[in-house]
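Below is one structure, written out as structure tokens, with a few remarks after it.
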Amino acid sequence: MNLSHENLDDIFHPRSVALVGITTSNPGHWTRGFLEGYLKFDFPSQGKLYLVNPRGGTVEGFKVFQNIQDIPDTLDFVVGLVPSRGAPQLIEEAAAKGVKCIHFCTAGFSEIDDQEGKELESELLLAARKHHVRIIGPNCLGVYCPESRMSFSELFPRESGSVSFISQSGGNSNYLIRQAALRGIRFSKVISFGNACDLNESDFLEYLADDPKTKIITMYLEGIKDGDRFHRALKYAAEKKTVVLLKGGTTPAGARAVMGHTASLAGSHDIWESLCRQVGAIQVQNLDEMIDVLVTLTLLPAPAGRRALLFGGGGGSSVIVADVFEKRGMILPQVPKQVIKELREFSQAAGNFFNNPIDYSQSMDPANVKRALEILLRWGQFDFIVNFMVPGQSTRAGRFTDRLFNFDGISKPVAVVIPPTFDPAEGNSMFESINSYAVDGFPVYFSFDSAANAINLVLAYYEKMSIRQGS
């Protein structure tokens, strides 16, 4: 069956999966990671999972078939863990079992500087075309789809979300899923597609643009197969969804690294910046910035404007956070004298500042915090609140967090900055604070600059979309 982008859904919801080439003798072998992922996500409870290795035997209670032809049922999806030279033959055997798509994790194709690898990849594609089988990869980690209980790692969240990620790099997809999960982000679908000898970035982009389970599409690309088609696909997707794009290999050194990773053609930073600007995609410069933007898009309700109220602790930090946010285009409205007077009536004067930033580090009494926020919200001449801490305040941050959560009167979006600490005694408390915020749906950032940068990128995106919709 030849899958067009309209019915790629079969790839993300297979009824039966075979892990072909899984090791039977070494529990620590990398191929076992796929089995652990499928078992942790309990795929066998809704689909059929088969293991194949010429040695046969059993693994984790599963019979290991010596050949894919020995499997008694038809198959929808195959994870190819075989050596590169055996990949074309696997296509022949899988096609006879009705397989629609094979994900080849296997490396050793066009990404290596070797003519044999390039010829082998061409042979792989010819076999796929001949037998009407689609290929993800080779040289990639494949599919993570919590809804259908597919995962290439047991460490990923089992809950589904509204973000999807198209990644040419398996390592980057692994990093993004796990780091974003710490801050409350969940994914609908993630595709690590590697060399893209068959299915490529445009196929997945077109599919996700029409996928009702995806609201935000993120991409890490090292190169593209067809520039014109990708431009059309990106424009189409950006008209329907929010698209966040990270392009690797935009410097000479990066381009050299790309050629050794997925054999893709890189492009200049200016070209990609212009493309994102034309279609209305958000361009980011690294994975951490991508996570910051996802946190902002997903967990920070869209502010009405750029007016920020900075509320937290630390005199020197107050100066820095004010500079950082103004440099990123935020407006810090001055607090009126009458409001400051009201705050001083019940707040310790020494060590506290009330003229935005609000440095409330010396008055963390629960009743005072709540009363101060009530007064500031009654004034209300700001669009969102940034609750900031300084390193080493994690325990206090956790206590303040609880008060903020329990205060039902907060009607403005709230962003939270908790810088990491290297103090082991503070580490657990900091993690608990981050997790507590994320569980309750608040966006958490690890520095003033990352918060200001991400909020600026997202506000700029909202502003552009508003102009486009009004034109």
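When restricted to residues that are of a type in the set (A, V, I, L, M, F, W, C) and assigned to a helix (DSSP H, G or I), the range 98-140 contains 6. Taken together, TYR445, TYR462 contain a single residue that is out of contact with any strand residue (DSSP E or B) (no Cβ under 9 Å at 6 or more places or on another chain) and either modelled with pLDDT of 85 or more or in the same structural domain as GLN179 (by TED's automatic domain parsing) (or both), which is TYR462. Only one of the listed residues (GLY80, GLY47) is crowded, with 16+ Cβ neighbours inside 10 Å and under 21 Å from ALA107 (Cα atoms). That residue is GLY80. ILE22 meets the stated requirement of being in contact with a Phe, Trp or Tyr (Cβ under 9 Å, 6 or more places away or on another chain), buried (at least 20 other Cβ atoms within 10 Å of the Cβ) and farther than 23 Å from LYS189 by Cβ.
For the range 167-203, the set of residues classified as without any contact (Cβ under 8 Å) to a residue 60 or more places away in the chain and touching an Asp or Glu at 6+ places or on another chain (Cβ under 6 Å) consists of ARG186 only. Considering only residues in the range 251-287 that are among the polar types (S, T, N, Q) and over 21 Å from the mean Cα position of the chain (by Cα), the one that is modelled with the lowest pLDDT turns out to be SER264. Of everything listed in (1) under 16 Å from VAL82 (Cβ atoms); (2) assigned to a helix (DSSP H, G or I), the single unmet condition for GLY37 is (1). Determine whether the range 53-66 contains at least one residue that is assigned by TED's automatic domain parsing to the domain that holds HIS29, crowded, with 20+ Cβ neighbours inside 10 Å and not β-branched (Val, Ile, Thr). Yes, the range 53-66 contains at least one residue that is assigned by TED's automatic domain parsing to the domain that holds HIS29, crowded, with 20+ Cβ neighbours inside 10 Å and not β-branched (Val, Ile, Thr).
Could you say which residue among GLY137, GLY117 is on the phi > 0 side of the Ramachandran plot, surrounded by 18 or more Cβ atoms within 10 Å (Cβ to Cβ), modelled with pLDDT under 95 and out of contact with any Pro (no Cβ under 7 Å at 6 or more places or on another chain)? So the residue among GLY137, GLY117 that is on the phi > 0 side of the Ramachandran plot, surrounded by 18 or more Cβ atoms within 10 Å (Cβ to Cβ), modelled with pLDDT under 95 and out of contact with any Pro (no Cβ under 7 Å at 6 or more places or on another chain) is GLY137.
Restricting attention to the range 314-333, the residues being at pLDDT below 95, over 16 Å from TYR445 (Cβ atoms) and part of a loop (DSSP other than H, G, I, E, B) number 0.
When the range 290-313 is filtered for residues that are at pLDDT 90 or above and closer than 10 Å to PHE388 by Cβ, the ones remaining, listed by number, are LEU310, PHE311. If you go through the range 212-236 and keep only what is surrounded by fewer than 19 Cβ atoms within 10 Å (Cβ to Cβ) and touching a residue at least 60 places away in the same chain (Cβ under 8 Å), you end up with just LYS213.
Within the range 152-208, the set of residues being of a type in the set (D, E, K, R), surrounded by fewer than 24 Cβ atoms within 10 Å (Cβ to Cβ) and under 23 Å from LYS40 (Cβ atoms) comprises GLU154, ARG158, GLU159, ARG178, ARG183, ARG186. Within the range 108-120, the residues that satisfy the criterion of being under 25 Å from TYR144 (Cα atoms) and either in contact with a strand residue (DSSP E or B) (Cβ under 9 Å, 6 or more places away or on another chain) or touching a residue at least 40 places away in the same chain (Cβ under 8 Å) (or both) are PHE109, SER110, GLU111.
The values are calculated or read from the model by the stated rules, or taken from the named source; none is laboratory data. Just so we're clear, the structure is a prediction, and the values are computed from it rather than from any experiment. No Cβ is skipped: glycine too gets one built from the backbone with ideal geometry, and neighbour counts run over all protein chains shown.
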